[in-house]
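The values are calculated or read from the model by the stated rules, or taken from the named source; none is laboratory data. Treat the numbers as computed from the prediction; the structure is a model and nothing was measured. Using ideal geometry, Cβ is built from the backbone for each residue, glycine included, and neighbour counts are taken over all protein chains shown. Note: accessible area is taken over every heavy atom of the protein model, side chains too, but ligands, DNA and RNA are not part of it. Shrake-Rupley method; radii C 1.70, N 1.55, O 1.52, S 1.80 Å.
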Amino acid sequence: MAEAQQALAERLQQAFGETLRSWQEHVGELTIEVAQADLYRVMLSLRDDFRFEQLIDVCGVDYAAWKQDEWITEDASGSGFSRGVRGNQFARLGLTGVYGLEPVTTNTGRRFAAVYQLLSVSANQRLRVRVYCDNDDFPVLDSVVSIWAGANWFERETFDLYGIIFDGHPDLRRILTDYGFVGHPFRKDFPLIGNVEVRYNEEKGRVVYEPVSIQPRVLVPRVIREDNRYAEPDAQEDASNG
Amino acid sequence: MADIQSYTMNFGPQHPAAHGVLRMVLEMEGEVIRRADPHIGLLHRATEKLAESKPYNQSIGYMDRLDYVSMMCNEHGYVMAIEKLLGVEPPLRAQYIRVMFDEITRILNHLMWLGTHGLDVGAMTMFLYCFRERELLMDVYEAVSGTRMHATYYRPGGVYRDLPERMPQFEASRFRSEKDLEWLNKDRQGSMLDFIDSFCERFPTSIDEYETLLTDNRIWKQRLVGIGQVSAERALQLGFTGPMLRGSGVEWDLRKMQPYAVYDRLDFDVPIGTNGDCYDRYVVRVEEMRQSTRIIKQCVDWLRQNPGPVIIDDHKIAPPTREEMKDDMESLIHHFKLFTEGYCVPEGEAYASVEAPKGEFGVYMVSDGANKPYRVKVRAPGFAHLAAMDEMARGHMLADVVALIGTMDIVFGEIDR
């Protein structure tokens, strides 16, 4: 498996050259990254020349809260620690403010990415393709529905949940959220509790939408611990020297 | 009246044949469907977003609730993704237990599918027959995990506990005569493995029973043969996996092609169809139940002879036993840390997939080194299948839509997520 993957990586490098922004192998899986402008061309070639007949999945990722934790311990005082989830964390991952009103800054260079999982049934290989959207405020990618018909709903889902627009999609509508839903719920600045709740109003005789009445809360704070067991060998050495 | 050419019909979301909350807007021309537009998401619970807000282990239970008729297979995909990132390998016995339960789950799922598919198409008896056997397997679930459905039994690094020595028995009550009780408990005298073994002995006969009712049944064939035909090429294009793909004649089964757990040590066959219609998919699934029985039998034999640990003893990931905690400070700390904070998973991403009863169930997991996943994406097989509804239903009659929903084996827990 590993040899076949190595061979595939080399073939990909030969075929795409500079177009291939980067490639890496991690836990036995091959991931390549391409630029937004090259997406369609690369995907077409992957299907026709590299025999990836199946698009298994399309997945949006929002890197806005990458490597941010909720555990704030700097302001420990004589009165002890706060509950650790302090600070206005309306959106639970360390971003402040109300969804959609304030600009979101990211730790990584770009915020949105789409990740495609490809499967070659004939060669028994998998490949992951990641493409970052150039524009954080208006993420647009080329649709691959004309390459794999199965991409249709996957792209609709990614659009619905992350607001990534797929150019050339025949029917880009919301799919999982409610009719008339506002916002893209899987973005990191969208609160877990949501913005509106519904109930049946007897006076009006219909279902009404109201602002949420519950409070957001975090039961287990998100922490990032440096774990030497997983550190790169070089880094470990540095740490011991220091 | 004559000038009305086409009209739109609303199917569901409350419809007995919709297998949950499926709403379909059908554009009809007489009784022929011109366009089908499924509206999904009525059961959307944002499982993936919830998983982002919880330590890794707390989301295992959510996986049961995705495809709620093949619970343990979903768990398997999820824990495999974590294990990949952590770089741990569960003990061999745990892997055999997982495979055994994956296959029990496959039978559970296919029985549910067969029963409801039959019911949709008009075969009432099937439902009762299937649920009779299904109940026995539910008891196995309950014996091993404490719950009939949402087991939360698989853990990163193994399974929660070893198989019970004793199969729970029915208790006496005023609603059961002594004779009934004796009959009910006949197979439950020994251990759980004995119970499963005796089930495997009897189950092929039960499948024969289903087949006598359906396989050559004229009405069954009239409703299924030639309905929803998908060519192998289209099936690949549309992202079909599992029996939907194999029904179209593509020989692809993750258990054979990319074996995980201990599938490469087991002997079984992968049935494939030729025509790619509803009937072929029916035949494929029925044969899969027979093959699953074979696999379970091999697992039972192996498990009987090879006792051993069922979860790794790395207490950074798997909790120590109660006993150890009583007199070991270290264990107590490990336990406390695991249940208050969980474990941090090294930065990286992984995609783990299992051959779930419905197709390829995959979990794509991104970690930024925290104790909670950064992003979990569940790749549900049913999602891709239902997306093909429009293409499959075009030109068929309204009644065939019900057969199509049945053949896709739709469960909304996984489609809406």
> Which one of these does residue B:183 not meet: (1) touching a strand residue (DSSP E or B) at 6+ places or on another chain (Cβ under 9 Å); (2) open to solvent by 50 Å² or more (accessible area, probe 1.4 Å)?
Replying inline: (1)
>> Would you confirm, using the coordinates I've provided, whether residue B:119 is of a type in the set (A, V, I, L, M, F, W, C), modelled with pLDDT under 90 and farther than 28 Å from residue B:317 by Cβ?
In response: yes
> Can you pull out the residues in region B:160-177 that are over 16 Å from residue B:190 (Cβ atoms) and charged (D, E, K, R)?
Replying inline: B:161, B:171, B:174, B:176
> Can you tell me how many residues in region A:138-196 are in a strand (DSSP E or B) and of a type in the set (Asp, Glu)?
Replying inline: 2
> Among (1) out of contact with any strand residue (DSSP E or B) (no Cβ under 8 Å at 6 or more places or on another chain); (2) charged (D, E, K, R); (3) modelled with pLDDT of 90 or more, where does residue B:155 come up short?
Replying inline: (1)
>> Yes or no: region B:317-335 includes at least one residue that is of a type outside the set (S, T, N, Q), within 9 Å of chain A (Cβ to nearest Cβ) and under 29 Å from residue B:258 (Cβ atoms).
In response: no
>> Step by step: first the residues of region B:396-417, then only those that are within 20 Å of residue B:280 (Cα to Cα) and not aliphatic (A, V, I, L, M), then the one that is most open to solvent (accessible area, probe 1.4 Å). Which residue is that?
In response: B:396
>> Considering only residues that are open to solvent by 60 Å² or more (accessible area, probe 1.4 Å) and closer than 22 Å to residue B:22 by Cβ, which ones fall in region A:150-180?
In response: A:170, A:173, A:174, A:178, A:179, A:180
>> Please go through region B:132-148 and give me each residue that is among the β-branched types (Val, Ile, Thr) and surrounded by 18 or more Cβ atoms within 10 Å (Cβ to Cβ), ordered by number.
In response: B:140, B:144
>> For region B:231-240, check the following and say yes or no: at least one residue is crowded, with 17+ Cβ neighbours inside 10 Å and away from chain A (no Cβ under 14 Å).
In response: no
>> Quick check on region A:186-208. Is at least one of its residues closer than 30 Å to residue A:47 by Cβ, touching a Lys or Arg at 6+ places or on another chain (Cβ under 7 Å) and modelled with pLDDT of 80 or more?
In response: yes
> Can you pull out the helices (runs of 4 or more DSSP H) entirely within region B:244-363 that have at least 2 residues that are touching a Ser or Thr at 6+ places or on another chain (Cβ under 6 Å) and under 27 Å from residue B:201 (Cβ atoms)?
Replying inline: none
> Inside region A:127-149, can you point out the residues that are open to solvent by 40 Å² or more (accessible area, probe 1.4 Å) and at the interface with chain B (Cβ under 10 Å from one of its Cβ atoms)?
Replying inline: none
> When you scan region A:1-27, how many residues do you find that are within 17 Å of residue A:45 (Cβ to Cβ) and open to solvent by 90 Å² or more (accessible area, probe 1.4 Å)?
Replying inline: 5
>> Would you confirm whether or not region B:379-392 contains a residue that is buried (at least 24 other Cβ atoms within 10 Å of the Cβ) and under 30 Å from residue A:221 (Cα atoms)?
In response: yes
> So which pairs qualify, if the first residue must be in region B:163-174 and without any contact (Cβ under 8 Å) to a residue 60 or more places away in the chain and open to solvent by 90 Å² or more (accessible area, probe 1.4 Å), the second must be part of a loop (DSSP other than H, G, I, E, B) and among the hydroxyl-bearing types (Ser, Thr, Tyr), the Cβ gap must be under 6 Å, and the two must be at least 6 apart or on different chains?
Replying inline: B:165/B:191
> Looking at residue B:30, is it free of Cβ contacts under 8 Å to residues at least 40 places away in the same chain and at positive phi?
Replying inline: yes
> In region A:185-226, how many are open to solvent by less than 50 Å² (accessible area, probe 1.4 Å) and among the hydrophobic types (A, V, I, L, M, F, W, C)?
Replying inline: 9
> Looking at B:364, B:343, B:374, which one is touching a Phe, Trp or Tyr at 6+ places or on another chain (Cβ under 9 Å), open to solvent by 10 Å² or more (accessible area, probe 1.4 Å), within 13 Å of chain A (Cβ to nearest Cβ) and among the hydroxyl-bearing types (Ser, Thr, Tyr)?
Replying inline: B:343
> Residue check: is residue A:100 more than 30 Å from residue A:146 (Cα to Cα), modelled with pLDDT under 65 and loosely packed, with under 13 Cβ neighbours inside 10 Å?
Replying inline: no
>> Which count do you get for residues in region B:70-99 that are surrounded by fewer than 24 Cβ atoms within 10 Å (Cβ to Cβ) and of a type in the set (Asp, Glu)?
In response: 2
> Of all residues in region B:116-126, how many are among the hydrophobic types (A, V, I, L, M, F, W, C) and surrounded by fewer than 18 Cβ atoms within 10 Å (Cβ to Cβ)?
Replying inline: 1
> In region A:154-162, is there at least one residue being more than 8 Å from every other protein chain (Cβ to nearest Cβ) and closer than 19 Å to residue A:37 by Cβ?
Replying inline: yes
